[in-house]
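S.K.: Supplied in structure tokens, the structure appears directly below.
Rule-based calculations on the coordinates, nothing more; no lab input. Note that the structure is a prediction, hence the values are computed from the model and not measured. As a convention, Cβ positions derive from the backbone with ideal geometry for all residues, glycine included, and neighbour counts pool all protein chains shown.
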Amino acid sequence: MVEVRAEEISAILREQLSNFKSASELEEVGTVLQVGDGIARIYGLTNAQAGELVEFETGVRAIVLNLEEDNVGVVLMGSSKGIKEGSTVKRTNQIASIPVGEGLVGRVVDTLGKPIDGKGPVTGKTYELPLERKAPGVIYRQPVTEPLQTGIKAIDAMIPIGRGQRELIIGDRQIGKTAIAVDTIINQKEFFDKGEPVYCIYVAVGQKSSTVAGVAKAFEDAGAMNYTVIVNASASDPAPMQFYAPFAGAAIGEFFRDTGRPALIVYDDLSKQAVAYREVSLLLKRPPGREAYPGDVFYLHSRLLERAAKIIESDEIAAQMNDLPDALKPMVKGGGSLTALPIIETQASDVSAYIPTNVISITDGQIFLDANLFNSGVRPAIDVGISVSRVGGSAQIKSMKKVAGTLKLDQAQYRELEAFSKFGSDLDAATKYTLDKGARNVEILKQKQYSPYTVEDQIAIIYLGTQGLLRDVPLNKVKEFEGTFLTYMKEKHQNILDTLKAGKLTDEVKDTLAKVGKEVARQYTS
Amino acid sequence: MAVSKLGNRYAKSIMDLAIEQGTLEEVNKDITQLKEDLSNRELFLFFKSPIITPSKKLSILKNLFEGKVNKLTYSFYEIIVKKRREGHIPEIVDAFIEQYNVHKKISTAVVTTAVPINDELVAKIKGIIKKNKKDVSEVEIESIIDESILGGFILKYDDKLYDYSIAGKLTNLQKSFLVNKYIKEM
């Protein structure tokens, strides 16, 4: 706990007291008929709207989900302790919403926007934004064109992600799904330092608090908290808090998106969110469907992910966007984007389960992580063969596109030949060349956690790989070679790297890369 | 007051029939009487009990009510028992009273105070409710004395609540201090 100074306490108390209204207002109330399992049925509340917040005598809030003939079904956003049959519930006349503002950056909040990091109230002006909001319509969007650099070589080269895209990260437990998302957020520091921050929102749903604390620490150590908001609904929070957390995150993301700035949101993970939603749905007696999920679990995810978008550049058109909350209207700007990286956990690599197939079909591509690759030391364990990005190609910088154009095909070919080569030893020269190159490219694409690469470094090293310039470097020395090569490039040929970053791949650049590559390779040739 | 679907159905049937036969006032008197009787725990448990057979219940019912209540009311009780819904009589009674009040445009309000209130105040409250609510011919005030609200009053009618009690204000004040944003919760 933060040490609190004495004057601070009394100042807070005075502020709270001065805000305290003693005048009563007309309240619309209902009576609890039944409470249990995190839901309550209320008699009365005749004017309550779906999605409205109601408040119990204990101060616990709940969201209206079912409006029935003779009662109202609500889900509790807190403990049901102290709520009994006959308790009074009052309307708040407020649709479930979250206060969002610049002050949220660097904070950890819960689903209703309450800070839980112990750093005091959110500073600055906040705007009440609804959790549930319709996604922008077609005319307010534009195609994805700018890249969102993840800093991970395998992704930026072969499965590029654009700003405004939705790219699914899918795989079994414990093989680095969160690591990819966290690295991507950390990599945005480059843009923050440059003064063009990509605001990041990390939504943790149903995770162990220790894991979330670990992620928060990783962000802090990397200096990523300066542009990141964490929304946490841990495993011990009530199920409604868990399934609404991604919506709270999306509301925060939309604040940045609609004010003309790029944002990135990670939903970690949506399978747990679906489970929480299933729990609530079953308790509310909605009919179960496949795997006992309710019929609208697809809509749950599609309406959430549809909110990721690249907004049209024109301020005038953007200002007319559909379903804009009143609070946001005066500050809407065009050109913003919200990129979503949902995470789905599969059981025993089964991507044909209900939730994985749903989310795969909603998103614009997926990064598939494979347990066998992970165990054989390929980390990040991205299975290039079945990972795709449906819009990313147009969002790659030109130099990267040229260099990495054939990489994906080469690697697919290598994987196929690799399986064959296990049978016999007599291989023709062409096959051997493909195998050698492929094995070295695999080495190049390996990367440590928390160590994102800048785009120019990525292009430089991948250029050597795809051109077969590493032929003479032994496999186990490739990593070492990479380090030396990049240091050398940075020291002697910074201008070449700058050219690459600008998206140009001139003959001069190619020659220099080849020359330096050969020179450094000589040190490692045995 | 919580009213169930089942209660509403039974109550509506007798309401409609009573209005048709023009015996609404008598039926209402009988049912209001039954509500009072039900505060007798033994009668309440008698209706609820699954052990007593319907035929026995019917004969007890006959002894208790036949000739003392309106014929329509009596046959209504009989039907309830025959349909084996006698356990739901309290709900049906509540539903009937509510429907009767709606039909007669009577509005009921509950006033909770710490000290007894005088007639003048009651009249004033009636006036306020009549002014706020359209289509009301009469207002019934139920007065509850509850010292735990310390002072002021709580007025409740329909789904509306005015909380002007001291206790309510103190709870609100307490609630505003419940959240301490300087404590780490993760």
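S.K.: Taking the Cβ of each residue in B:PHE76, A:PHE191 as the centre, tally the other Cβ atoms inside 10 Å and list the residues starting with the fewest. If you can, show how the numbers build up before the last one.
M.R.: Working: B:PHE76 23, A:PHE191 16.
Arranged by neighbour count, lowest to highest, B:PHE76, A:PHE191 become A:PHE191, B:PHE76.
S.K.: Using a cut-off of 11 Å between beta-carbons, work out the net charge of the residues near B:VAL136 (Lys and Arg +1, Asp and Glu -1, B:VAL136 not included).
M.R.: Working: positive: B:LYS104, B:LYS105, B:LYS126, B:LYS130, B:LYS131, B:LYS133, B:LYS134; negative: B:ASP135, B:GLU138, B:GLU140, B:ASP158.
For residues surrounding B:VAL136, the net value is +3.
S.K.: So, counting K/R as plus one and D/E as minus one, what does the shell of residues with Cβ under 14 Å around A:ASP221 add up to?
M.R.: On the way: positive: A:LYS189, A:LYS217; negative: A:ASP183, A:GLU220.
Summing Lys and Arg as +1 and Asp and Glu as -1 gives 0.
S.K.: Using +1 at the C-beta of Lys and Arg and -1 at the C-beta of Asp and Glu, which of A:PHE243, B:LEU17, A:VAL297 has the Cα lying farthest in the positive direction of the dipole of the protein assembly as shown?
M.R.: A:VAL297
S.K.: Quick one: angle between helix A:177-187 and the longest Cα principal axis of chain A, in degrees between 0 and 90, rounded to 10, please.
M.R.: 80 degrees
S.K.: Where the only charges are on Cβ atoms (+1 Lys, Arg; -1 Asp, Glu), what is the dipole of the protein assembly as shown about its Cα centre, to the nearest 20 debye? Kindly include the intermediate steps, with their values, before the conclusion.
M.R.: On the way: 91 positive and 93 negative charges, 135 e Å.
Dipole of the protein assembly as shown, to the nearest 20 debye: 640 debye.
S.K.: List the pairs from A:LYS189/A:LYS329; A:LYS437/A:LYS518; B:LYS12/B:LYS160; A:LYS398/A:LYS479 whose alpha-carbon separation is above 21 Å, in the order I gave them.
M.R.: Check vs 21 Å cut-off fails for A:LYS189/A:LYS329; B:LYS12/B:LYS160; A:LYS398/A:LYS479.
S.K.: Follow-up question, since we're still on this one. What shape does the stretch A:146-231 have by the C-alpha gyration tensor, where a ≥ b ≥ c are the square roots of the eigenvalues, rounded means a/c under 1.5, and otherwise prolate means a/b greater than b/c and oblate the rest? Could the numbers behind the result be given before it?
M.R.: Numbers: a/c = 1.84, a/b = 1.13, b/c = 1.63.
Here the stretch A:146-231 falls in the oblate category.
S.K.: Taking the Cβ of B:VAL115 as the centre, find all other residues whose Cβ is under 13 Å away and add up their charges (Lys, Arg: +1; Asp, Glu: -1). Before the final figure, lay out the partial values.
M.R.: Details: positive: none; negative: B:ASP146, B:GLU147.
Result for the neighbourhood of B:VAL115: -2.
S.K.: Counting other C-beta atoms within 10 Å, which of B:MET15, B:MET186 has the fewest, and how do the rest follow?
M.R.: Working: B:MET15 20, B:MET186 16.
With the fewest neighbours first, B:MET15, B:MET186 line up as B:MET186, B:MET15.
S.K.: Would you mind checking the tilt of helix A:209-222 against the longest principal axis of the Cα atoms of chain A, expressed as 0 to 90 degrees and rounded to 10?
M.R.: Taking Cα atoms only, the helix is inclined about 50 degrees.
S.K.: Can you show me the helix-derived [θ] at 222 nm for chain A, built from DSSP H runs with n ≥ 4 at -39,500 (n - 2.57) apiece and divided by the number of residues, rounded to the nearest 500. Before the final figure, lay out each step's value.
M.R.: Working: 18 runs with 205 residues, N = 526.
Estimated from H runs of four or more residues: -12000 deg cm²/dmol.
S.K.: Exposure proxy check: B:ILE89, A:ILE155 ranked by fewest other beta carbons within 10 Å? List each step's numbers first, then the result.
M.R.: Values: B:ILE89 22, A:ILE155 27.
Ranked by crowding around the Cβ, least crowded first: B:ILE89, A:ILE155.
S.K.: Let me have the relative contact order for the stretch B:3-102, percent, based on Cα pairs under 8 Å that are six or more residues apart.
M.R.: 56 percent
S.K.: Between the stretch A:78-147 and the stretch B:16-60, what is the C-alpha centre distance in whole Å?
M.R.: Taking the Cα centre of the stretch B:16-60 as reference, the centre of the stretch A:78-147 is 51 Å away.
S.K.: For the modelled label position 7 Å from the Cα of A:ASP296 along Cα-to-Cβ, which residues of the stretch A:122-163 have backbone nitrogen atoms closer than 18 Å?
M.R.: Residues A:130-135 qualify, since their backbone N sits under 18 Å from the label point.
S.K.: Taking Cα centroids, how far is the stretch A:481-526 from the stretch A:283-311 in Å?
M.R.: Between the Cα centres of the stretch A:481-526 and the stretch A:283-311 lies a distance of 49 Å.
S.K.: For chain A, what does the relative contact order come out to in percent, with C-alpha contacts under 8 Å and a separation of six or more?
M.R.: Values: 1028 pairs, mean separation 80.2, N = 526.
Rounded, it is 15 percent for chain A.
S.K.: For the Cα atoms of chain A, what angle does the longest principal axis make with the long axis of helix A:6-19, in degrees from 0 to 90, nearest 10?
M.R.: The angle comes out near 60 degrees.
S.K.: Applying 1/(1 + (r/R0)^6) with R0 = 45 Å to the Cβ-Cβ distance of B:LYS131 and B:LYS35, what FRET efficiency is obtained, to the nearest 0.05?
M.R.: Details: r = 30 Å, r/R0 = 0.66.
Taking R0 as 45 Å, the efficiency between B:LYS131 and B:LYS35 is 0.90.
S.K.: If R0 is 25 Å, what FRET efficiency do you get for A:LYS81 and A:THR123 from their C-beta distance, rounded to 0.05? Numbers along the way, then the final one.
M.R.: Numbers: r = 32 Å, r/R0 = 1.27.
The formula returns an efficiency of 0.20 here.
S.K.: How high is the FRET efficiency from A:LYS515 to A:ASP37, r the C-beta distance, R0 56 Å, rounded to 0.05? Walk me through the numbers on the way to the answer.
M.R.: Numbers: r = 70 Å, r/R0 = 1.24.
It comes to 0.20.
S.K.: Same structure again: Among A:GLY120, A:ILE139, B:SER137, which residue has its Cα positioned farthest towards the positive end of the charge dipole of the protein assembly as shown, with +1 placed on the Cβ of Lys and Arg, -1 on the Cβ of Asp and Glu, and the dipole taken about the Cα centre?
M.R.: A:ILE139
S.K.: Mind scanning A:LYS134/B:LYS131; A:LYS285/B:LYS62; A:LYS177/A:LYS501; B:LYS134/B:LYS175; A:LYS285/B:LYS104 and naming the pairs with a C-alpha gap bigger than 30 Å? Don't jump to the answer; show the numbers that get you there.
M.R.: Values: A:LYS134/B:LYS131 40 Å; A:LYS285/B:LYS62 42 Å; A:LYS177/A:LYS501 28 Å; B:LYS134/B:LYS175 35 Å; A:LYS285/B:LYS104 37 Å.
Checking Cα-Cα distances, A:LYS134/B:LYS131; A:LYS285/B:LYS62; B:LYS134/B:LYS175; A:LYS285/B:LYS104 exceed 30 Å.
S.K.: In addition: Just need the relative contact order of chain B here, percent rounded to a whole number, with Cα pairs under 8 Å and 6+ apart. Each step should come with its number before you reach the end.
M.R.: Working: 193 pairs, mean separation 39.8, N = 186.
Worked out over chain B, it gives 21 percent.
S.K.: Run the numbers for A:VAL351 and A:LYS333: contour at 0.36 nm per residue of separation, minus the present Cα-Cα distance, in nm. All intermediate terms of the calculation are to be shown ahead of the outcome.
M.R.: Values: separation 18, 0.36 × 18 = 6.48 nm, distance 3.89 nm.
Result: 2.6 nm gained on full extension.
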